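J.: Got a structure for you, questions after.
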Amino acid sequence: MFQAKELECVKGYDCLFTNINFTIQAGEILQIQGTNGSGKTSLLRILTGLSQPETGEVFWNGTNIDIDRESYLENLIYIGHTNGLKAELSAIENLQLSRQYLGQSNDKPTQQALEEVGLTGYEHILAHQLSAGQKRRVTLARLSLNTAPLWILDEPVTAIDVDGVSAFEKTIETHVLNGGMVILTTHQSLNFGKAKTLSLSLT
Amino acid sequence: MMLKQSLSQAFLAELHADLRLAYRNKSALFNPLMFFIMVAVLFAFGVGPESTVLSKLAPGVIWVAALLSSLLALDHLFREDYENGSLEQLILSPHASSALILAKIIVHWLVTGLPLILISPFIAMMMQLPGQAYGTMLLSLLLGTPALSLIGAVGVGLTAGIKRSGLLLSLLVIPLFIPVLIFGASAVQASTIGLSASGQLYLLAAFSLLSLLFTPFATSAAIKISLN
């Protein structure tokens, strides 16, 4: 169970949002909507613990995420605005390094994870030579290596083509139907099939 | 099946990846080294070929050049990783981030500090450093430059989020570099006149060991502040 209580975020003199409360159970998706600059990314960063909220707390299974940080991070995968790919490493090298960063992973070969996101033949291309959409696909491939139940995704399908988006929707649906949780922001309307989707609007 | 990733595996993977990156991006590797060589060469030209003057200046010049070129190299330590988001992923890894950061600092020293030490005998030759001081010079650089990389990392961590932070970084770390400079140069100085330099060398070793103990934690905290 993932819970946010009375979160408030202040940037400079602006109050981006205040009194954000929600609870997500296993098997639910939370889609965060809002205009540009409404604080979606700031909210996600607070939920991961990268940023501190002005007030409020975030709980993972009833424990504040700052208190038992390690077990929270073992259960979390975060994909931010930036892809987190090192420019001079190839797609597969980047993915291998990401796997080591995880607390635990499944035994799926890195090669296969890249195939699943449609990057067969691009394994050994350096990240800076890939197109924006291909880079995003390498980043999304991290999801399939991971066994973490909680996914926090910031605009995951930016620059991804139509086929990629529908594959992504499938991945999310499968994850959630297997008892995972997803929190994501997006400007596109995504269809997660049978998965239960909640939504939160920031104004 | 689930694979549990151990910290030592992650540490080695980070080490490996960073070494590979350094190999593929050689300009970052050569710039500080070129700077080191140029300072020494220009100094020799500027002061003139008189060997008594040069050899008197040599310990100080070699150490100042080494210090400035480590400072120049520092900027690359976290800059790219901050911009491409992989620093964020490192901090969000359940492994101790200080250990992964230490791996990055070790690689940074290996690719910027170590070449500097290897080239230093040639610089010493140019600066007419007396023969009996070569050993001490190598040892003092070997013991002192790790402290520069480690202490510098804290400053880089703090300024990672700031664009064009070069000046701020210098202001932050140069005061902390000064003790290393004083004892490094004085070790070489002592051995040029035939005195024992062991006191200074022990102190340099102590600086490096102490920074090895504390700076990875401080750097990790500094990066968390920068990312906030």
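The values are calculated or read from the model by the stated rules, or taken from the named source; none is laboratory data. Bear in mind the structure is a predicted one, so any value in this text is a computation, not a measurement. Here the Cβ positions follow ideal geometry from the backbone for every residue, glycine too, while neighbour counts run over all protein chains shown. To get the accessible areas, we keep the full protein, side chains included, count just its heavy atoms, and leave off ligands, DNA and RNA. Shrake-Rupley method; radii C 1.70, N 1.55, O 1.52, S 1.80 Å.
J.: Could you sort the residues of the range B:181-228 by number and keep only those whose accessible area is reduced by 20 Å² or more in the all-protein-chain setting relative to the chain alone, 1.4 Å probe?
T.: B:Leu227, B:Asn228
J.: Follow-up. How big is the dipole moment of the protein assembly as shown about its Cα centre under a simple scheme where the beta carbon of each Lys and Arg is +1, that of each Asp and Glu is -1, and everything else is neutral? Debye, nearest 20, please.
T.: 620 debye
J.: What translational diffusion coefficient, in µm²/s and rounded to a whole number, does the Stokes-Einstein relation yield for the range A:86-203 at 4 °C and a viscosity of 1.567 mPa s, taking the hydrodynamic radius as the Kirkwood radius over Cα pairs?
T.: Calculated translational D: 87 µm²/s.
J.: Along the Cα→Cβ direction, 7 angstrom out, place labels at B:Thr52 and A:Asp161. What is the inter-label distance in nm?
T.: Label at B:Thr52, label at A:Asp161, 7.8 nm between them.
J.: What accessible area per residue comes out for chain B, rounded to a whole number of Å², with a 1.4 Å probe?
T.: Accessible area per residue, chain B: 45 Å².
J.: A drop of at least 40 square angstrom in accessible area, chain alone versus all protein chains together, probe 1.4 Å. Which residues of the range A:95-116 meet that?
T.: Listed by number, the residues meeting the 40 Å² cut-off are A:Leu97, A:Gln100, A:Tyr101, A:Gly103, A:Gln104, A:Ser105, A:Asp107.
J.: What trypsin sites (Lys or Arg not before Pro) in the range A:154-203 are in a loop by DSSP, with at most 16 other Cβ atoms within 10 Å of the Cβ?
T.: A:Lys194
J.: With the Cα gyration tensor of the range B:166-228 giving a ≥ b ≥ c as the square roots of its eigenvalues, does the rule (a/c under 1.5 for rounded; else a/b larger than b/c for prolate; else oblate) give rounded, prolate or oblate?
T.: oblate
J.: For the range A:83-147, what is the Kirkwood estimate of the hydrodynamic radius, computed as the reciprocal of the mean inverse distance between distinct Cα atoms, to one decimal in Å?
T.: One over the average 1/r among Cα pairs gives 11.3 Å for the range A:83-147.
J.: Please report the net charge: other residues with Cβ closer than 10 Å to the Cβ of A:Thr41, K and R +1, D and E -1.
T.: Counting the neighbours of A:Thr41, the net charge comes to 0.
J.: Just to be sure I understand: if I project the alpha-carbon convex hull of chain B onto a plane and average over all orientations, what area do I get in nm²?
T.: 13.2 nm²
J.: Loop only by DSSP, 14 or fewer other Cβ within 10 Å of the Cβ. Give me the trypsin sites (Lys or Arg not before Pro) in the range A:25-98 that pass, ordered by residue number.
T.: Sparse-neighbourhood loop trypsin sites (Lys or Arg not before Pro): none present.
J.: First compute the accessible area of the range A:83-147 with a 1.4 Å probe, then give the percent of it belonging to carbon and sulfur atoms.
T.: Roughly 49 percent of what the probe reaches on the range A:83-147 is carbon or sulfur.
J.: Just to check I understand the Karplus step: with θ = phi - 60° and J = 6.51 cos²θ - 1.76 cosθ + 1.60, what whole-Hz values come out for the range B:183-189, glycine and proline as x?
T.: Here the 3J(HN,Hα) series is 6, x, 5, 6, 4, 5, 4 Hz.
J.: Scan around A:Ile183 for amide H atoms under 5 Å from its own, H built in the peptide plane at 1.01 Å from N, and keep only partners 5 or more places away or cross-chain.
T.: A:Leu30, A:Trp151, A:Ile152, A:Leu153
J.: Still on this model: Before we go on, tell me the buried accessible area for the B/A pair, both chains summed, 1.4 Å probe, in Å² to the nearest 100.
T.: The summed interface area works out to 2900 Å².
J.: Moving on. P(r) for the protein assembly as shown: what percent of alpha-carbon pairs falls in each 10 Å bin, starting at zero?
T.: Whole-percent P(r) values from 0 Å outward: 4, 20, 26, 21, 13, 9, 5, 1, 0.
J.: Here is a further query. Can you give the Kirkwood hydrodynamic radius of chain A from its Cα pairs, in Å with one decimal?
T.: The Cα-based Kirkwood calculation yields 17.4 Å.
J.: Give me the net charge of A:Asp14's neighbourhood, meaning all other residues with Cβ under 12 Å from the Cβ of A:Asp14; Lys, Arg count +1, Asp, Glu -1.
T.: Summing Lys/Arg as +1 and Asp/Glu as -1 gives -1.
J.: Per-residue HN-Hα couplings for the range A:102-116, Karplus 6.51 cos²θ - 1.76 cosθ + 1.60 at θ = phi - 60°, whole Hz, x for Gly and Pro?
T.: 6, x, 8, 9, 7, 9, 5, x, 4, 3, 5, 4, 6, 4, 5
J.: Longer than 30 Å from Cα to Cα, which of A:Lys40/B:Lys224; A:Lys11/A:Lys108; A:Lys5/A:Lys196; A:Lys108/B:Lys104; A:Lys40/A:Lys86; A:Lys40/A:Lys194 are they? Say none if no pair is.
T.: As for pairs spanning more than 30 Å Cα to Cα, those are A:Lys11/A:Lys108.
J.: Using only Cα atoms, figure out Rg for the range A:3-70 and give it as a multiple of 2.2 N^0.38 Å.
T.: 1.10
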